[in-house]
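The values are calculated or read from the model by the stated rules, or taken from the named source; none is laboratory data. Please read all numbers here as calculations on a predicted model, not as lab measurements. Here the Cβ is made from the backbone with ideal geometry for all residues, glycine too, and neighbour counts use every protein chain on show. We work out accessible area using only protein heavy atoms, side chains counted, and drop any ligands, DNA or RNA first. Shrake-Rupley method; radii C 1.70, N 1.55, O 1.52, S 1.80 Å.
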Amino acid sequence: GRLMNAQGIYLNSVDADRREMRWRAEAKGKGVQNGGQIFLPPAIGGENLYISTTLGHLLSVRSDNGALRFNYNINHPISFQPILANGNMYVGTNDGWLVCIQLKEQEADGWYAWGGNGAHNKSSDTSRGGR
């Protein structure tokens, strides 16, 4: 029942039924300025959103309230959302690096392809490509 998106320097969670903002988180950190789209589409884990930015940040926020869990700056530009597999967060950079953060969290799984498609809805119906 929630819609989540990345918009400018903000992450938003909107109640799909009431169309009301549930929470908004703002990116803070070196090189983060208003007026530009820095967030790439989030990868959705069980309890958290995992996000990369065009400026080279890797971060995670709680999906229920937007609380920041971590924010790392790897100083390599990124163009794609992260993948989540087997408790790890992976991201490819524009200059050829493949970065892995070993989260060791079971919920960080099931987002196996950069870019993705409609199968990333975390559906329990595996016949349609969901989990």
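Using the 1.4 Å probe convention, the accessible area of the range 29-108 works out to 50 Å² per residue with neighbouring protein chains retained.
The distance between label points at residue 95 and residue 47 comes to 3.6 nm (points 7 Å beyond Cα on the Cα→Cβ vector).
Summarising the label geometry, the points placed 7 Å from Cα in the beta-carbon direction at residue 112 and residue 10 lie 3.6 nm from one another. Near residue 55, the amide H atoms lying under 5 Å from its own belong to 78; only residues 5 or more places off or on other chains count, and H is placed 1.01 Å from N. For the range 88-104, putting each phi into the Karplus relation 6.51 cos²θ - 1.76 cosθ + 1.60 with θ = phi - 60° gives couplings of 10, 10, 10, 8, x, 9, 5, 9, x, 7, 10, 10, 10, 10, 7, 6, 6 Hz, in residue order, rounded to whole numbers and with x for Gly and Pro.
If the chain linking residue 67 and residue 18 were pulled fully straight, counting 0.36 nm for each residue of separation and taking away their Cα-Cα distance, it would gain 15.4 nm.
Taking amide H as placed 1.01 Å from N in the peptide plane, the amide H of residue 8 sits under 5 Å from that of 38, 39, each at least 5 places away or on another chain.
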